[in-house]
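Take a look at the structure set out below.
The values are calculated or read from the model by the stated rules, or taken from the named source; none is laboratory data. On a predicted model such as this, the values are computed, not experimentally measured, just so you know. All Cβ positions, even for glycine, are placed from backbone atoms using ideal geometry, and neighbour counts span all protein chains on display.
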Amino acid sequence: IMKLKLLFLFMSFSFTLPEAVLSSDFYYYKGTKIQLKQRTDKVAVVFKSSVSKTNAESLLNPVMQPGDSLLKSMDDLYLIKFSENKSAGEINVIKNILSQSPSVKFITNTYYGSSRSVTQIPYDKIVVLLKNSNDREKLNILNLKHGSYVTGEFEKGKGFILKSFPGNSKNALELTDEFYKSGIFEYCEPDFIYPEGCLLMSVPNDQYYSQQWNLQNTGQTIQTGSSFLFYGDRPTVNGIPGADMHVEEAWDFTTGSPLIKIGVIDSGIDSAHVDFQAPGHLLPGYDAFNDINSSSVDVFNHGTSTAGIIGAVRNNSIGIAGIAADCQLMSINIYDINGNTSSSIIARAFDTARVRGIDVLSNSWGGGTPVTMITNAIDAAALNGRNGKGCIILFASGNDGNSSPLYPSALPNVLSIGGSTTHDQMKAPGNGNQFYWGANYGENDIGDLDMVAPTNCYALKVGGYEPNFWGTSATCPNAAGVAALVLSVNINQTRLQVYENLARGCDKPDNVAYDTSKLFGKWNRHYGYGRVNALNSVRLAAGVDVTPPSISHKNVPSKNSTYPTVINADITDHDGSAVPVSGVNRPVLFYRIKKNSGSWSSYDSVYHYSNSGNQFSFLIPSQGWETQVNYYIRARDNSGNQTTFPLHAPNEFWLCYYSVCNILYEKKKITQFIGMDYGATVSPSVNFGTFNVLEAKVKIYMRHTYLDDESISLFSPLLNENNSRKCLFSSNGGDMDNITGATVFDNAPNKWTDASPPYLNGYFKPDYTMIGLNGVNAAGNWRILHFDRAFSDQAFFDSVFVTLFKNSGTVSSCVRLDTPSDSIISFGSVKFPDSYDRDFYVKNSGIANLTLASPSFTGTFAGLYSIVGSIPGTILPSDSALITVRLNTSGLSSLHTGDAFENAVLNIVTNDPSKTNFKISLQTDNELMSGMKSLKLTALIEGFFNPGNNLMISDTATVELRNNSSPYNIIDVRKSVLSDSGKGNFNFTEISDNTPYYIVVKHRNSMETWSSAGVSFVSSVAQYDFTDASSKSYGNNAAQINSRYAFFSGDADQDNIIDLSDLTIIDNDASNFLSGYLNSDVNGDTLADLADLAITDNNAFNVITIIRP
């Protein structure tokens, strides 16, 4: 009857009660307001005194519906879990009913932590820290006023834990708000209760298995623990050899030191476990929950697993081997048997660890909102522990798979540890044969991810063994064990020294750019400094360098240009020092090609053709359409320590890929479907035909009222489960709604965290890179894999558009143009009036026949040149043909000696799609003169100039000579080539000696620049250098680059102003992967890309325009 009455109340009051909750739902952390999100699936009941489970059930049963459950958190605290979410009105009805009971102190809302998997209960305790210890009397007055009393002290009489009296109905948030207003506290925050082990990052659930791939991965068969074959997982996997922490090699130098004490802050350790039995191995534990010096059991079957990874006894013929088995282990338990803990308990654990001299602290938990008491206790241990050297503190980054490590792992004085798989991928939703979770990565306002370590590896559990201990609960102890090995080598290292040795020793996996410079080297948002490498870090701690350099490179995109491909990489030794630039240890690029339907070639190699500081440039030769290219880069330091990019290359799982082809795309729509509430759903499929995927883009229209629940992956038809699913979106957007027209692709400008739902028509990077799909066969069914992590509501996918860029199948020829000699005929030093013949070979490096036609000569001395015989009409693939060109100097008035001079250009029409007019420069070592006036010009183009080697990419420029007085009429115009030193010779016929002319220089994407004054020719020659002073350019209109001056770059539309219209041209060309001789190619590397946009954007921001008289 009571339940029927309650239903009636729900129906009637749901329309009349206000939606606002009655209690405060915020507090302040370090001066910042922390707004909490209320849970609607749970409420907590605080009694005035201890209540048995039986009595609690009797008291609370009237408001509980079928399917609801009651959990005991504390003796006086119970949690009601609803089978369905309640409205605010329904929760208020429950509060009103229960508040009538004389034994109930208050009923409180519960809240999410920074992770949706965490529950925070504002109990009846708060923690405060006085600004001034003399304000103790003011605290006493506040306690009297607000019905509370001191139940614990810390921080030498300045810090206090306060509890409200039984008659006080305010929860910790409301009480905190009242005390905070007084202004006498450094901080004043709730002492949250975290129930049900919600802070823990995984819970064991499987059987024993006897291989530890995390220590040494030989490619052995690993049990994944997953039975979700329908969603793409497999029960077993064979990893990539070497995708591990290299612990076995590190054991040659140390297996740990008994002087090192490792604290496992967790649910306790099963001290009776057979694999912990060695004299002195387990230190006496500490139970922070009950504040007693004893902890010999694991109350929640979690701490034993984390401790086993770190310190299971080695060489005892049973079980597993701990990473740092010869160190000492200490259990620091922060939970009760129901998995409950609180802020003050956690802080007490760190304070105790610090006082007891614990060296390394492993923490496989997190996800609450920031709490000052916890932060201060962690910082105190990190900064002051180990007699001032600092405790080494590691935290699990979280299991939400999004780009924000959870609190406390993001704190600056700890290490945040993400996850890696058997294939050295970042553990993301969709991969690692556990599609339903991913490790948090990236950075936020508090801090960032530091490194990754293996997950889903076998461990201990209470009374036995756990084959699939997963989550970042596993990654943290893996890294903590290695940290203990590092410290064992030299126990006098400070905390920061251990952190540095760990970070600099990391391997850098995956085909992603480690392009951010941070304190300890190169960093990537998915991997931090990389995956832990015990051998490297242990040797660094001993002062021995076996760590190879770091290579940062962004895989070049596929292209339709048949010009050679420039590969740029940033290569430094792990400590930031330079790598060799010559000899056998210099960087080298390996590449192989596959033409049309042929087989892959053997690997060829090229050394860098230029470098400036740490920047190295390589050139892969020009290719025709329907050519696929794999490549990787090898780098060594001066000691010969070697690495590759991608790591593990040439393993075919990790190779860079691009295709030279006519780029098309197919776009297909996945029709509407409903994603399951709290579970996984595979969408209807779309089918693509046979072609090579060049890039994937996915556009999402989805409705859901709590995006933090949602994980969305692209599910491809690949048979390799380690590469088939790519996480597009994972637990972003908090409690906000809907994804409306958001397009996801690797080169998108934004991260999900850069915007807010519904992400209207925005462009976003996926939560794990899709680059592994590039180069695969598209044939088969493509779907969406959706996973909802919590009960809330269903996801309504109105549509999803999958766009795959592809090769057209059209083959082409390719005029080889890999080096300057491929387009220059040099006649050397010539004499008047002799004739000279020179042979030149045109090579076809394409797949189709190369046709040549309509040869013509242009330029000042075009009439002096002729072709001997005729040009070949067709050149077969991989063949070459001879052209002979004759220079006849008769009829010239004179010859001047000097540098190489371009006198004319031979133009040949071809069927090469990028070089339809193949130009061959005809040069001599001395200058041909025929009554002409010669301007010897020195000028630099900003985007083409490399200050590192003081050279620029050679290109054509046009010079106008104009009258020295208004209206500055054009007298003569000539086009010539500026060499890599910036020098060019321009010959004029319409001008006179001893008359001043303005020199006006135009270039395809540079700002038109005038000389500062008129320049006169003397004896038919004039010289002018724009590069030695800004004053040489009219109005000082020049870009300073070190001590030299250059023409501003970026005027792609040649309208004499660098502005948005130029940026639009470049952005469009970059989006379409255009390459070749383009106005949008501002830096001369034959590609329209982000580098060109950066130069142009800077000049547009500075409003660069023409300045002329």
Can Leu864 be described as in contact with an Asp or Glu (Cβ under 8 Å, 6 or more places away or on another chain) and either under 30 Å from Lys933 (Cβ atoms) or surrounded by 14 or more Cβ atoms within 10 Å (Cβ to Cβ) (or both)? no
Among (1) in contact with a Lys or Arg (Cβ under 9 Å, 6 or more places away or on another chain); (2) assigned to a strand (DSSP E or B), the one test that Pro284 misses: (1)
Of all strands (runs of 3 or more DSSP E) completely enclosed by the range 553-642, which ones contain at least 1 residues that are in contact (Cβ under 8 Å) with a residue 24 or more places away in the chain and among the small types (Gly, Ala, Ser)? 565-572, 610-612, 615-620, 627-636
Among all residue pairs at least 6 apart or on different chains, which show Cβ distances below 9 Å where the first residue, located in the range 378-396, is in the same structural domain as Gly366 (by TED's automatic domain parsing) and within 13 Å of Asp351 (Cα to Cα) and the second is among the acidic types (Asp, Glu) and surrounded by fewer than 23 Cβ atoms within 10 Å (Cβ to Cβ)? Ala380/Asp351; Ala381/Asp351
Of those in the range 391-422 that are surrounded by fewer than 24 Cβ atoms within 10 Å (Cβ to Cβ) and not aliphatic (A, V, I, L, M), the residue nearest to Val237 (Cα to Cα) is Ser403
Identify all residues within the range 280-294 that are without any contact (Cβ under 8 Å) to a residue 60 or more places away in the chain and either closer than 15 Å to Ile260 by Cα or under 40 Å from the mean Cα position of the chain (by Cα) (or both); write none if there are none. Gly280, His281, Leu282, Leu283, Pro284, Gly285, Asp287, Phe289
Surrounded by fewer than 24 Cβ atoms within 10 Å (Cβ to Cβ), of a type outside the set (A, V, I, L, M) and either closer than 26 Å to Val299 by Cβ or without any contact (Cβ under 8 Å) to a residue 12 or more places away in the chain (or both) - does that describe any residue in the range 228-249? no
Complete set of residues in the range 302-325 that are closer than 13 Å to Gly464 by Cα, polar (S, T, N, Q) and in contact with a Pro (Cβ under 8 Å, 6 or more places away or on another chain): Ser305
Do the conditions hold for Trp437, that is, is it touching a residue at least 24 places away in the same chain (Cβ under 8 Å), surrounded by 24 or more Cβ atoms within 10 Å (Cβ to Cβ) and either among the charged types (D, E, K, R) or more than 21 Å from Met245 (Cα to Cα) (or both)? yes
In the range 1065-1109, anything outside the structural domain of Thr1009 (by TED's automatic domain parsing) and aromatic (Phe, Trp, Tyr) is listed as Phe1073, Tyr1077
Being assigned to a loop (DSSP other than H, G, I, E, B), of a type outside the set (Phe, Trp, Tyr) and under 41 Å from the mean Cα position of the chain (by Cα) is the filter here, so list the residues in the range 70-100 that pass it. Ser83, Glu84, Asn85, Lys86, Ser87
Residue check, Gly308 against (1) buried (at least 24 other Cβ atoms within 10 Å of the Cβ); (2) more than 38 Å from the chain's Cα centre (by Cα), all met but one. Which one? (2)
Consider Pro122 against the criteria (1) out of contact with any Lys or Arg (no Cβ under 9 Å at 6 or more places or on another chain); (2) within 20 Å of Asn338 (Cα to Cα); (3) modelled with pLDDT under 90: it satisfies all of them except one. Which criterion is unmet? (3)
When every residue in the range 941-968 that is assigned to a loop (DSSP other than H, G, I, E, B) and either under 32 Å from the mean Cα position of the chain (by Cα) or modelled with pLDDT of 95 or more (or both) is compared, the one surrounded by the most Cβ atoms within 10 Å (Cβ to Cβ) is Ile953
Determine which single condition Asn732 fails, assuming it passes every other condition in (1) surrounded by 22 or more Cβ atoms within 10 Å (Cβ to Cβ); (2) not β-branched (Val, Ile, Thr); (3) not in a loop (DSSP other than H, G, I, E, B). (3)
Take Tyr759 and decide whether it is crowded, with 20+ Cβ neighbours inside 10 Å and at positive phi. yes
How many residues does the range 423-454 contain that are farther than 16 Å from Asn478 by Cα, touching a Gly at 6+ places or on another chain (Cβ under 6 Å) and not in a loop (DSSP other than H, G, I, E, B)? 1
Restricting the search to the range 220-263, which residues are outside any loop (DSSP other than H, G, I, E, B) and over 30 Å from the mean Cα position of the chain (by Cα)? Lys261, Ile262, Gly263
Which residue is surrounded by the most Cβ atoms within 10 Å (Cβ to Cβ), if the candidates are limited to the range 472-526 and must be in a loop (DSSP other than H, G, I, E, B) and of a type in the set (D, E, K, R)? Lys508
